[in-house]
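A short write-up of the structure that comes next.
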Amino acid sequence: MDDSQSHGHIVMLPFMAHGHLIPFLALARRIRRLTPFAVTLATTRLNLRYLRSTMSQSDADADSGIRLYELPFCSSDHGLPPDTENTENLLPHQIPLLCHSSVSLAAPVECLISNITTEEDRPPLCVITEVSFGWSVDVARRLGTKSITFTTCGAYGTLAYISLWLHLPHRSTDAEEFSVPGFPERCRFQRSQLHRFIREAEPTDEWSKFFQVQLKLSLASDGWLCNSVEEIEPLGFDLLRKYLRLPVWAIGPPVPPHMLQKSSPISPKSKFESLQKHAAKALGVSLEKCQDFLNSHGPNSVLYISFGSQNTISPSQMMQLALGLESSGKPFIWVIRPPLGFDIKGEFRPEWLPPGLEERVTGSKQGLLVQNWAPQLDILAHDSTGAFLSHCGWNSIMESLSQGVPIVGWPMAAEQVYNAKMMVDEMGVCVELTCGVESRIEAEEVKRVIEMVMEEEGKGGEMKKRVNAVMGHMREAMKEGSDNEKGSSVKAMDDFANGPSLSI
Ligand code: UDP
């Protein structure tokens, strides 16, 4: 037994999707840095391979004491294509199959917990998992350990997601606007804003069946860790705690600590250079191109556009977005991918953009089109970046707000719609341009919204002030040091580690 194991052991079970493995790895690293506990991250073979390759690209010290454990899984036993262990490359109708198949991991997880218990003469302190693995709450309890649910989203979005799936409140009314259990009357939700999986869900479909069962089970866990910051979502945390009636620790944001430091102003160029070596390996795009482009424009003048790691927009939306961007005259960096209906990882064809647009915007230095993947956090950290047109994935939001960049929202799936709603209604740092891949947008509307958000006065100026305040809270929250100096997220991690939830 190594020294950390003698202090106690935490088992972590991420859902099988790359977007979930990364926040779990980040949490494992924080637990190792801030607590004396050993950590075992358990997942299936191909997901472990992905984790190993991610870990090999970073500082080995950060990962000392994190043990990886393989959970056996055979995708074809569950009607999935061979070697399919995460949501990558799955068609939408196959994802519920992957979700249901995760229940088969219960037996190997039991085995892991029992082995740790025998080896260390006591059960692990807890199993940290997420809402889609609600089945593990019962496994943990039976084996004498605690179960903690980790939500990789914000408090408001998490509550909206849970409550909408559990209660399906839009079904009891024909009205466009309706209230949602757990939210005050003033926070009404709109049918048209709901993700189509919820909007169209029947109680018998595979999505509802899976989520309703797993969410209910998760509500019986011993506490929740939330990847957000107490001060930026006071309403969300208040509502989530009242709804769950469990301890909720705000331990975010999910942004690398060096990007949250209050440093004396450094030139945009040197900021980029400090990250370049590390990032260049992982990114297939020219960082220098983004750097040169941003350096050639003034402070807060460039719009950055990206729809996360898995989304794209429809062909007609792509045309209108391109026309709107060009006519706004604002400089932009756009992460382009083939539109809906085409292989998202395939080559980008010029015919998907208005004729001659790429040459015009590149020639005039108005725009930089980056294929598939860009160094997002570096772009957001650059002083020239003035706004972010985003699908409102939680990581993108946290990265943007932590760098003081207001958001133009275009939510697509999962809890993104509720993230956008919270940022518009509660934080005042976002304007929603449109929602989903079926919506009709016009170039004039794109132009109008971009101009409004990027103006120094009026609405744009107001958003900038608010986002700077949010940025300040996020940076404060992660401050380490003596007890008086610690920020709220660091204190919350202490409370989690030292509190009654982890005493067996
Ligand atoms: N990302 C990036 N470059 C891109 C697109 C995405 O670095 O071109 C990163 C982004 O910084 C974020 C993550 O991918 O950390 C996307 O996570 P998010 O929760 O926003 O959305 P998801 O991809 O899960 O829908």
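The values are calculated or read from the model by the stated rules, or taken from the named source; none is laboratory data. In this text the structure is predicted, and so the values were computed from the model without any measurement. Glycine gets a Cβ as well: all are built from the backbone with ideal geometry, and neighbour counts include every protein chain shown.
Annotations for the structure displayed:
- Enumeration of residues in the stretch 413-440 that are within 12 Å of the ligand (Cβ to nearest atom) and surrounded by fewer than 22 Cβ atoms within 10 Å (Cβ to Cβ): A413, A414
- With respect to the conditions (1) farther than 26 Å from L90 by Cα; (2) within 16 Å of the ligand (Cβ to nearest atom); (3) of a type in the set (G, A, S), S390 lacks only one, and its number is (1).
For (1) in contact with a strand residue (DSSP E or B) (Cβ under 6 Å, 6 or more places away or on another chain); (2) not assigned by TED's automatic domain parsing to the domain that holds S400, each residue gets a yes or a no:
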| position | (1), (2) |
| --- | --- |
| L433 | yes, no |
| V437 | no, no |
| V446 | no, no |
| M452 | no, no |
| E456 | no, no |
| K459 | no, no |
| V470 | no, no |
| G487 | no, yes |
| K491 | no, yes |
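- Annotation note: of V131, V137, V109, the sole residue that is surrounded by 19 or more Cβ atoms within 10 Å (Cβ to Cβ) and either in the same structural domain as V437 (by TED's automatic domain parsing) or within 20 Å of E70 (Cβ to Cβ) (or both) is V109.
- Taken together, S263, S286 contain a single residue that is at pLDDT below 85, polar (S, T, N, Q) and over 17 Å from S402 (Cβ atoms), which is S286.
- Residue within the stretch 182-197 that is crowded, with 17+ Cβ neighbours inside 10 Å and over 26 Å from M427 (Cα atoms) present: yes
- Taking the listed residues K345, K365, the one that is modelled with pLDDT under 95, out of contact with any helix residue (DSSP H, G or I) (no Cβ under 6 Å at 6 or more places or on another chain), in the same structural domain as Y418 (by TED's automatic domain parsing) and part of a loop (DSSP other than H, G, I, E, B) is K345, with no other qualifying.
- Qualifying positions in the stretch 414-455 - free of Cβ contacts under 8 Å to residues at least 40 places away in the same chain, over 20 Å from N311 (Cβ atoms) and not basic (K, R): G428, M452, E455
Here's the yes/no breakdown for (1) small (G, A, S); (2) part of a helix (DSSP H, G or I); (3) within 17 Å of N227 (Cα to Cα):
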{"residue": "D383", "(1), (2), (3)": "no, no, no"}
{"residue": "A387", "(1), (2), (3)": "yes, no, no"}
{"residue": "M398", "(1), (2), (3)": "no, yes, yes"}
{"residue": "A413", "(1), (2), (3)": "yes, no, no"}
{"residue": "N419", "(1), (2), (3)": "no, yes, yes"}
{"residue": "M423", "(1), (2), (3)": "no, yes, yes"}
{"residue": "G436", "(1), (2), (3)": "yes, no, no"}
{"residue": "E444", "(1), (2), (3)": "no, yes, no"}
{"residue": "R448", "(1), (2), (3)": "no, yes, no"}
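- Residues satisfying the stated conditions in the stretch 187-212, i.e. at pLDDT 90 or above, assigned to a loop (DSSP other than H, G, I, E, B) and not charged (D, E, K, R): C187
- Residue list for the stretch 371-387, filter: within 7 Å of the ligand (Cβ to nearest atom) and touching a helix residue (DSSP H, G or I) at 6+ places or on another chain (Cβ under 8 Å): A374, P375, Q376, L377
- Taken together, V467, V429, V424, V437 contain a single residue that is under 19 Å from L389 (Cβ atoms), β-branched (V, I, T) and out of contact with any Ser or Thr (no Cβ under 9 Å at 6 or more places or on another chain), which is V424.
- Of all positions in the stretch 213-231, none carries a residue that is of a type in the set (F, W, Y), modelled with pLDDT of 95 or more, under 20 Å from the mean Cα position of the chain (by Cα) and part of a helix (DSSP H, G or I).
- Residues satisfying the stated conditions in the stretch 288-318, i.e. touching a residue at least 40 places away in the same chain (Cβ under 8 Å), touching a Leu at 6+ places or on another chain (Cβ under 8 Å) and surrounded by fewer than 20 Cβ atoms within 10 Å (Cβ to Cβ): K289, S314
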